[in-house]
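Here's the structure we're looking at; comments come further down.
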Amino acid sequence: MELLKATGVDALVIVPFDEAQAAEAPGSFVQRVLVDCLGTTAIVVGEDFHFGRHRDGNVDLLRNIGLDADFDVEPLDLLERSDGVDEPVSSTAIRRALAGGDVNLANDMLGYPFEVRGSVRLGDQRGRLLGFPTANVEVSSQICLPADGVYAGWYERPNGEIHECAINIGRRPTFYEDAETSLLEAHLLDFDDDLYDELARVRFAHFLRSERKFDGIDALIEQLRSDVESARTMLIESGP
């Protein structure tokens, strides 16, 4: 919605996708929403666009209905991926890249750094005891997260301040045997202030390493030092 607003769009209508909507025939949806409600004069979609019950609706159907309902249909060519894979840029391809930890590829397909948002909540404060305090960012379970691991990225505060950070996503196997869910923790470089209850925006720039279990605290601290320096170097080279 924010990206659309930035283009100068005047209004945005969101049609909730519920069971009734999923069961509606394509032609019925076009008449009810696009014609009767919005008075549509032009429709712009991707050339592989499908909609309606069983995905029966497509560009040809839209064109045929448009002849009678007096609206134009303009299909757009799909964007090619830059990594040579013979499939177009899509939300599915982006989610697949994130699931594999390839945030560089995901960012390239998105056209901007992948970002998650959430409130900073009180954690077990173990990071501070280790010398690497982290912001425990509570992200909705409905949001797609990159694979468990350590990343370099950027942390934006509500006041607009942007800080370099090392991000850990995982279940902290060094301390927990069977954590149910992965947590997102961000260590802001060269920063020491209270972030609790702030809304955080965390952007992912580079994958550093996979999550793993360490033999002891000393080994973990040594690796954290290395992670922070790797994040610092990579972020300096790439910029925000």
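The values are calculated or read from the model by the stated rules, or taken from the named source; none is laboratory data. All of these numbers come straight from a predicted model, not from anything done at the bench. Quick reminder, even Gly has a Cβ in these numbers, built from the backbone with ideal geometry, and neighbours come from all protein chains shown.
When the residues of the stretch 62-116 are narrowed to those that are without any contact (Cβ under 8 Å) to a residue 40 or more places away in the chain and polar (S, T, N, Q), which ends up farthest from TYR155 (Cα to Cα)?
Selected residue: ASN64.
Is one or more of the residues making up the stretch 41-51 among the hydroxyl-bearing types (Ser, Thr, Tyr) and touching a Phe, Trp or Tyr at 6+ places or on another chain (Cβ under 7 Å)?
There is at least one residue in the stretch 41-51 that is among the hydroxyl-bearing types (Ser, Thr, Tyr) and touching a Phe, Trp or Tyr at 6+ places or on another chain (Cβ under 7 Å).
Return the pair list, or none, for Cβ contacts closer than 7 Å from residues in the stretch 19-39 that are over 14 Å from LEU62 (Cβ atoms) to residues that are exposed (fewer than 13 other Cβ atoms within 10 Å of the Cβ), at least 6 apart or on different chains.
Pairs found: GLN21/VAL15.
Does any residue of the stretch 82-105 turn out to be outside the structural domain of GLU211 (by TED's automatic domain parsing), more than 30 Å from ALA166 (Cα to Cα) and surrounded by 15 or more Cβ atoms within 10 Å (Cβ to Cβ)?
Checked the stretch 82-105: at least one residue is outside the structural domain of GLU211 (by TED's automatic domain parsing), more than 30 Å from ALA166 (Cα to Cα) and surrounded by 15 or more Cβ atoms within 10 Å (Cβ to Cβ).
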